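Engineer: My questions will all concern the structure given below.
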Amino acid sequence: MVQVYINCSTASFKRTNSIKTRMLLIVFLICTQLCVTAQHQMGSDIETVLQKAGANRRELESALAFFSKKEDSMQLKAMQFLISNMDIHSSYSYYWADSMGRRVPFNELAYPDFDSSVRAFQKVKILIPKIKPVAYAYKDIDSIKAAFLIDNVQQAFKAWKSPWANHLNFDAFCEYLLPYRASVEPLQSWRNAYQQKFAWIQDSASGKTIDDALIYLGEETKTWFTNSYNIENRKEPLPRLGALQLLNRKTGPCEDIADLAVFALRSQGIPVTNDMVTYWATSTGSHFFNSSLNAKGEHTRFDISTSTVRLQTFAREPAKVIRTTYAKQPSTLVNFELADNIPKGFMRTQNYLDVTAEYWPVRDITCNLLPNNLQKPIVYACVFNGFQWRPTWWGKAVNGNVLFTNMSKGAAYLPAYYVNGKIVPAGYPLASGYEHEATLKPDTLHKRSVTLKEQESYLKFRSGHLYKLLYWDNAWKLIGQQTANDTTKQMVFDNVPSNALLLMYPDNTNFKERPFMVTDE
């Protein structure tokens with residue numbers, strides 16, 4: 001029980017003010033109780049994390065004790081924020097092993113540059129011919145050290161004083177400046193190295209806006225960091241480079257570049273986090289970039305991996321755009337469904353927000369579900385990306401329907417279940433156009449002829465190649481196929497079901513073809 005004592009003289013309570021005084025007292029008691037409840041909840045969350053930490057509990061307690069002894073309530077509160085949300089965070093890394101599975105000591109960061117480390121590793125490969133990478137994951141609560149956390153908090157508070165961050169309230173500070181990680185990268189002590197390397201931002205953008213600082217960072221980064229998208233895939237099982245590996249290797253795809261921006265900007269007191277297109281709805285792949293928080297509390301969306309740093313809009317439709325947070329979010333799917341019942345990817349995590357409406361026109365869509373024995377409480381909205389249906393959002397099945405919220409206009413979505421690790425259609429695709437929407441249930445009783453002409457940047461017939469046309473009816477079904485010759489500029493297909501989602505692809509497909517529909521003229 002919480003007791004609140006108020007010491008007031010009886011003379012101060014005059015009859016004429018008795019009602020007002022009682023109201024103030026009630027408000028005071030309510031606010032006090034809310035504050036105590038919040039503190040109790042924070043304490044409960046921390047204790048839960050400490051119990052999960054096992055042998056590493058001592059490190060976390062040492063970090064808390066450090067700021068308790070300093071009697072710095074704000075820094076203590078920041079440490080409590082980090083620890084209370086720490087149990088959902090992990091790193092994905094790898095080590096080298098010989099043919100017997102024994103670990104081979106090798107640290108690329110022990111060399112002055114990446115080329116030196118590569119040359120050293122070539123010598124290791126000669127000595128151990130069958131050396132191979134072994135992927136592993138480790139949780140923050142099991143491995144993080146008190147000294148790392150203490151240094152991170154202290155440096156983040158220094159960064160909070162910057163002209164680009166001093167407008168932040170405490171909650172925004174915790175999400176945009178305080179976190180010690182950007183995504184799932186191997187944990188490395190990065191703040192000092194980045195503070196020194198990117199100190200020039202303080203001078204170049206002094207007195208200017210966050211937008212100016214972002215443009216400067218984008219221009220400077222292109223002079224030494226290579227975007228490896230479509231160049232080569234990383235051979236190691238390493239989803240993200242660590243902060244110091246980014247500086248050492250100087251190359252990586254958009255996800256690494258987005259992490260690089262997080263480390264660089266946070267080190268200089270510019271609030272930032274990662275945003276992600278889960279999948280493109282009308283193209284292949286996904287994309288990673290960033291958003292910052294300006295003095296007006298508005299999000300500045302930017303992408304230093306492209307020639308135009310400031311993002312005004314996308315060139316094509318995103319299926320979903322999510323924002324990474326450090327804190328757990330109560331609205332995420334894992335609060336309602338077991339992780340094993342959720343497709344692999346971001347929907348299994350607890351720290352994201354749906355921000356699609358900040359980037360693209362959206363609407364809520366309702367899909368009808370097919371009556372079958374596979375009915376599940378959770379249904380996934382899928383887009384056709386990379387020649388397969390990929391889950392990008394979720395909704396709850398209610399009375400034979402499912403509602404998907406804030407879905408991008410200009411895309412087609414397939415409602416589906418996730419069963420034994422596979423996507424199983426749960427209804428017909430729904431085309432969410434900019435003005436209208438339509439359920440694409442093929443009408444096989446009313447068929448027609450369709451003429452498909454070459455279109456710049458979309459369809460080009462190549463002589464000697466076989467082209468197949470299919471329609472979707474819970475699976476792709478063949479309508480017909482034709483071989484192009486030197487004069488082929490169009491193909492005519494008969495017996496095409498009306499109101500169908502169609503797909504054409506050649507025998508030399510690169511799996512980037514997109515489904516489409518043909519409307520009545």
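The values are calculated or read from the model by the stated rules, or taken from the named source; none is laboratory data. A quick note: this is a predicted structure, and the numbers were derived from the prediction, not measured. As a convention, Cβ positions derive from the backbone with ideal geometry for all residues, glycine included, and neighbour counts pool all protein chains shown. The area values use the complete protein model at the heavy-atom level, side chains included, leaving out ligands, DNA and RNA. Shrake-Rupley method; radii C 1.70, N 1.55, O 1.52, S 1.80 Å.
Engineer: What is the number of the single condition among (1) buried (at least 19 other Cβ atoms within 10 Å of the Cβ); (2) over 29 Å from the mean Cα position of the chain (by Cα) that Pro515 does not meet?
Structural biologist: Only one criterion is unmet by Pro515, namely (2).
Engineer: Might you let me know whether segment 463-474 holds any residue that is in contact with a strand residue (DSSP E or B) (Cβ under 8 Å, 6 or more places away or on another chain), open to solvent by 60 Å² or more (accessible area, probe 1.4 Å) and among the basic types (Lys, Arg)?
Structural biologist: Checked against the condition, which is being in contact with a strand residue (DSSP E or B) (Cβ under 8 Å, 6 or more places away or on another chain), open to solvent by 60 Å² or more (accessible area, probe 1.4 Å) and among the basic types (Lys, Arg), segment 463-474 yields at least one hit.
Engineer: Mind counting the residues in segment 347-376 that are of a type in the set (A, V, I, L, M) and in contact with a Leu (Cβ under 6 Å, 6 or more places away or on another chain)? Break it down into steps so the answer makes sense when it comes.
Structural biologist: Initially, segment 347-376 is screened for residues of a type in the set (A, V, I, L, M), giving 347, 353, 355, 357, 362, 365, 369-370, 374.
Restricting the remaining residues to those that are in contact with a Leu (Cβ under 6 Å, 6 or more places away or on another chain) gives 347, 365.
Number satisfying all stated conditions: 2.
Engineer: Let me ask something else about it. Residue check: is Leu109 within 29 Å of the chain's Cα centre (by Cα) and open to solvent by less than 40 Å² (accessible area, probe 1.4 Å)?
Structural biologist: Values: within 29 Å of the chain's Cα centre (by Cα): yes; open to solvent by less than 40 Å² (accessible area, probe 1.4 Å): no.
When the stated conditions are applied, Leu109 does not pass them.
Engineer: Residues to consider are Ala120, Ala165; find the one that is small (Gly, Ala, Ser) and either surrounded by fewer than 16 Cβ atoms within 10 Å (Cβ to Cβ) or assigned to a strand (DSSP E or B) (or both).
Structural biologist: After ruling out the rest, the residue left standing is Ala120.
Engineer: Got a number for residues in segment 184-202 being open to solvent by 40 Å² or more (accessible area, probe 1.4 Å), within 25 Å of the chain's Cα centre (by Cα) and among the charged types (D, E, K, R)?
Structural biologist: Of the residues in that region, 0 qualify.
Engineer: If you don't mind, there's one more thing I want to ask. Which one is modelled with the lowest pLDDT, of the residues in segment 61-106 that are of a type in the set (A, V, I, L, M) and over 27 Å from the mean Cα position of the chain (by Cα)?
Structural biologist: Among them, the one singled out is Met100.
Engineer: I need a count of the residues in segment 31-55 that are at pLDDT 60 or above, closer than 14 Å to Lys77 by Cα and under 27 Å from the mean Cα position of the chain (by Cα).
Structural biologist: Number satisfying all stated conditions: 2.
Engineer: On to the next question. Any residue in segment 349-359 that is part of a strand (DSSP E or B) and in contact with an Asp or Glu (Cβ under 8 Å, 6 or more places away or on another chain)?
Structural biologist: no
Engineer: Right, next: With the requirement that a residue be among the hydrophobic types (A, V, I, L, M, F, W, C) and surrounded by 11 or more Cβ atoms within 10 Å (Cβ to Cβ), what does segment 493-512 give you?
Structural biologist: Passing the criteria: Phe493, Val496, Ala500, Leu501, Leu502, Leu503, Met504.
Engineer: State which residue pairs qualify: first residue without any contact (Cβ under 8 Å) to a residue 24 or more places away in the chain and inside segment 422-444, second residue surrounded by 15 or more Cβ atoms within 10 Å (Cβ to Cβ) and not in a strand (DSSP E or B) in any location, beta carbons under 9 Å apart, and separation of 6 or more residues or different chains.
Structural biologist: Pairs that qualify, where the first residue is without any contact (Cβ under 8 Å) to a residue 24 or more places away in the chain and the partner is surrounded by 15 or more Cβ atoms within 10 Å (Cβ to Cβ) and not in a strand (DSSP E or B), are Glu435/Lys409.
Engineer: Tell me, please, whether a residue that is touching a residue at least 60 places away in the same chain (Cβ under 8 Å) and under 19 Å from Val184 (Cα atoms) can be found in segment 117-124. First the steps, then the outcome.
Structural biologist: At the first step, the residues of segment 117-124 found to be touching a residue at least 60 places away in the same chain (Cβ under 8 Å) are 117.
With under 19 Å from Val184 (Cα atoms) added as a condition, the list becomes none.
No, there is no match, as no residue in segment 117-124 is touching a residue at least 60 places away in the same chain (Cβ under 8 Å) and under 19 Å from Val184 (Cα atoms).
Engineer: Would you please list the contacts, defined by Cβ atoms under 6 Å and residues six or more apart or on different chains, that run from a residue in segment 133-148 that is in contact (Cβ under 8 Å) with a residue 12 or more places away in the chain and of a type outside the set (Ser, Thr, Tyr) to a residue that is assigned to a helix (DSSP H, G or I) and surrounded by fewer than 17 Cβ atoms within 10 Å (Cβ to Cβ)?
Structural biologist: Partner pairs satisfying both residue conditions: Ile141/Lys52; Ala146/Ser62.
Engineer: Mind counting the residues in segment 409-432 that are modelled with pLDDT of 95 or more, among the small types (Gly, Ala, Ser) and open to solvent by 20 Å² or more (accessible area, probe 1.4 Å)?
Structural biologist: 2
Engineer: Now for a different question. Quick check on my filter: what residues within segment 132-154 are crowded, with 16+ Cβ neighbours inside 10 Å and β-branched (Val, Ile, Thr)?
Structural biologist: Ile141, Ile144, Ile150, Val153
Engineer: Same structure again: Scanning for something in contact with a strand residue (DSSP E or B) (Cβ under 8 Å, 6 or more places away or on another chain), of a type in the set (S, T, N, Q) and part of a loop (DSSP other than H, G, I, E, B), does segment 364-376 turn up at least one residue?
Structural biologist: The answer is yes; a qualifying residue exists.
Engineer: Okay, moving on. Considering segment 425-468 alone, what residues qualify as being outside any loop (DSSP other than H, G, I, E, B) and under 24 Å from Glu317 (Cα atoms)?
Structural biologist: Across segment 425-468, the qualifying residues are Pro425, Leu430, Ala431, Ser432, Glu437, Ala438, Thr439, Leu452, Lys453, Gln455, Leu459.
Engineer: With touching a Lys or Arg at 6+ places or on another chain (Cβ under 9 Å) and over 25 Å from Ile257 (Cβ atoms) as the only criterion, which of Asn406, Asn373 stands out?
Structural biologist: Among Asn406, Asn373, only Asn406 is touching a Lys or Arg at 6+ places or on another chain (Cβ under 9 Å) and over 25 Å from Ile257 (Cβ atoms).
Engineer: Additional query: Met1 versus (1) at pLDDT below 95; (2) open to solvent by 40 Å² or more (accessible area, probe 1.4 Å); (3) assigned to a helix (DSSP H, G or I): which is the lone unmet condition?
Structural biologist: Met1 satisfies all of (1) at pLDDT below 95; (2) open to solvent by 40 Å² or more (accessible area, probe 1.4 Å); (3) assigned to a helix (DSSP H, G or I) except (3).
Engineer: State which residue is most open to solvent (accessible area, probe 1.4 Å) when the search covers only segment 436-455 and only residues that are touching a Lys or Arg at 6+ places or on another chain (Cβ under 9 Å) and over 30 Å from Ile378 (Cβ atoms).
Structural biologist: Here the answer is Lys453.
Engineer: In segment 330-361, which residues are within 30 Å of Ala438 (Cα to Cα), open to solvent by 40 Å² or more (accessible area, probe 1.4 Å) and more than 16 Å from the chain's Cα centre (by Cα)?
Structural biologist: Phe336, Asn341, Pro361, listed by residue number.
Engineer: Separate question: Please verify whether segment 400-408 includes one or more residues that are open to solvent by 90 Å² or more (accessible area, probe 1.4 Å) and at pLDDT below 95.
Structural biologist: no
Engineer: With the structure loaded, tell me whether Ala327 is closer than 21 Å to Ser283 by Cβ, at pLDDT 95 or above, among the small types (Gly, Ala, Ser) and under 18 Å from the mean Cα position of the chain (by Cα) or whether it fails that test.
Structural biologist: Here the answer is no, as Ala327 does not meet what is asked.
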